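Participant: Dropping a structure here in structure tokens format, bear with me for questions.
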Ligand SMILES: [Zn+2]
């Protein structure tokens, strides 16, 4: 079956699954050890999460993305996807355009890269274009600043199928597998929820509200709408929830029947957040379009950080892109909060007691979790709390939050075998 992704292009699939063929292809190639980010992006490219990209961007695409928020051929695109390398390493290894090199990740052969274009690009200019700032307090700016001085553009082919470790193996689906799964479930509308959190009731209601919106005009006989929780797996910092608790906590919401089993599923997506607010919202939409979703929910301050973006910039940007440039609909959600007068979780667009409201404070919930105090079930489901504590013991060395120990000793999300 052929599936269509972003830009009306066939979903990219560039994976050599036969180890003997892979062994043959990598024989005698120059090798480069790559970072976690590049490894994750190789996997994304090869399975079509970044369709229509077949590899890392050349200079023309990077320029077009920075200047016009599009690829060189005009397809809407908001994030540079670049392979960075030290100029020194290029010289030492004698890498030149026309070469094929083997990318190695944590001692395992990962992918081959066709060196089509070696170029330089000003990373400050890149940060300004994508993030709208060059302030080094912005984590995305730091990421751009840390890029090495030279870029290689060229096609990527995976030579090794990544092996996901538990519990992630149950949540890893490629764009092809997701579409097969949606067909099996009979879903016709799929609304994506992007997350890096263990869900509290605010998140739960965000999903519920988006599900109502995505159903829209459908009569009851035609309700075939599902929620895809798409957990972003990328670099972690001390104090973040551990990845295992995030996926298992999200999954618990339907295991405990807060969502019907047939309208909710959890998956993971590999991505290093740039916190680019509106431009990242566009990118998330493209990613979920490639994953087969028809709708994408955007809450307040989506993918933002600090006060760099207006909380609703990520809503507005969808009105500023060319008509027909995106084949997924944004579902724009305001805030859910707890209102003591209504006595329930309610919506900022509905409840008139805004003076009395109690916002869902991530910080407050985290401090309760830290002290192992179960929050009231109106704001945090007890089953999710129990799963969080269980995950802390099983995966987090006793903590539901990333510690130095977790960051250095955790089991990797995925590994590569010998060929
Ligand atoms: Zn109220």
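The values are calculated or read from the model by the stated rules, or taken from the named source; none is laboratory data. Here the structure is a predicted model, which means the values were calculated and not measured. Methodologically, a virtual Cβ is constructed for each residue, glycine included, from the backbone with ideal geometry; neighbour enumeration extends over all protein chains shown.
Participant: Given 394, 387, 377, which one is away from the ligand (no atom under 16 Å from the Cβ), touching a helix residue (DSSP H, G or I) at 6+ places or on another chain (Cβ under 7 Å) and either assigned to a helix (DSSP H, G or I) or over 17 Å from residue 240 (Cβ atoms) (or both)?
Facilitator: 387
Participant: Look at residue 187 and say whether it is within 19 Å of the chain's Cα centre (by Cα) and in a loop (DSSP other than H, G, I, E, B).
Facilitator: no
Participant: Another question, if that's okay. Taking the options 300, 274, name whichever one is assigned to a loop (DSSP other than H, G, I, E, B), closer than 19 Å to residue 6 by Cβ and out of contact with any strand residue (DSSP E or B) (no Cβ under 8 Å at 6 or more places or on another chain).
Facilitator: 274
Participant: Do we find a residue being touching a residue at least 40 places away in the same chain (Cβ under 8 Å), in a loop (DSSP other than H, G, I, E, B) and out of contact with any helix residue (DSSP H, G or I) (no Cβ under 9 Å at 6 or more places or on another chain) anywhere in the stretch 51-65?
Facilitator: Checking the stretch 51-65: at least one residue is touching a residue at least 40 places away in the same chain (Cβ under 8 Å), in a loop (DSSP other than H, G, I, E, B) and out of contact with any helix residue (DSSP H, G or I) (no Cβ under 9 Å at 6 or more places or on another chain).
Participant: Follow-up question, since we're still on this one. Which residues, taken from the stretch 238-251, are buried (at least 23 other Cβ atoms within 10 Å of the Cβ) and assigned to a helix (DSSP H, G or I)?
Facilitator: Residues satisfying the conditions are 243, 244, 245, 246, 247, 248, 249, 250.
Participant: Going by the conditions given, is residue 281 part of a helix (DSSP H, G or I) and either more than 19 Å from the chain's Cα centre (by Cα) or surrounded by fewer than 23 Cβ atoms within 10 Å (Cβ to Cβ) (or both)?
Facilitator: no
Participant: OK, next. Write out, first by first residue and then by second, each pair whose Cβ atoms fall under 7 Å of each other, whose residues are 6+ apart or on separate chains, and whose first residue, in the stretch 272-286, is at positive phi while the second is assigned to a helix (DSSP H, G or I).
Facilitator: What qualifies is 275/139; 275/140; 277/313; 277/314.
Participant: Within the bounds of the stretch 289-305, is there any residue that is over 23 Å from residue 345 (Cβ atoms), under 14 Å from the mean Cα position of the chain (by Cα) and surrounded by fewer than 16 Cβ atoms within 10 Å (Cβ to Cβ)?
Facilitator: Scanning the stretch 289-305, I find no residue that is over 23 Å from residue 345 (Cβ atoms), under 14 Å from the mean Cα position of the chain (by Cα) and surrounded by fewer than 16 Cβ atoms within 10 Å (Cβ to Cβ), so the answer is no.
Participant: Which one of these is within 23 Å of residue 67 (Cβ to Cβ) and either touching a strand residue (DSSP E or B) at 6+ places or on another chain (Cβ under 7 Å) or modelled with pLDDT under 95 (or both): 148, 125?
Facilitator: It is 148.
Participant: If residue 405 meets every condition in (1) in a strand (DSSP E or B); (2) more than 16 Å from the ligand (Cβ to nearest atom) apart from one, which number is that one?
Facilitator: (1)
Participant: Right, next: I'm trying to understand the selection: among the residues of the stretch 299-328, which are touching a helix residue (DSSP H, G or I) at 6+ places or on another chain (Cβ under 8 Å) and either within 16 Å of the ligand (Cβ to nearest atom) or farther than 21 Å from residue 274 by Cβ (or both)?
Facilitator: Matches in the stretch 299-328: 327 only.
Participant: Of everything in the stretch 332-374 that's in contact (Cβ under 8 Å) with a residue 24 or more places away in the chain and away from the ligand (no atom under 16 Å from the Cβ), which residue is surrounded by the most Cβ atoms within 10 Å (Cβ to Cβ)?
Facilitator: Only one residue fits best here, namely 369.
Participant: Starting from residues that are part of a strand (DSSP E or B) and without any contact (Cβ under 8 Å) to a residue 60 or more places away in the chain, keep the ones in the stretch 203-233 and report whichever is farthest from the chain's Cα centre (by Cα).
Facilitator: Restricting to residues being part of a strand (DSSP E or B) and without any contact (Cβ under 8 Å) to a residue 60 or more places away in the chain, the top hit is 225.
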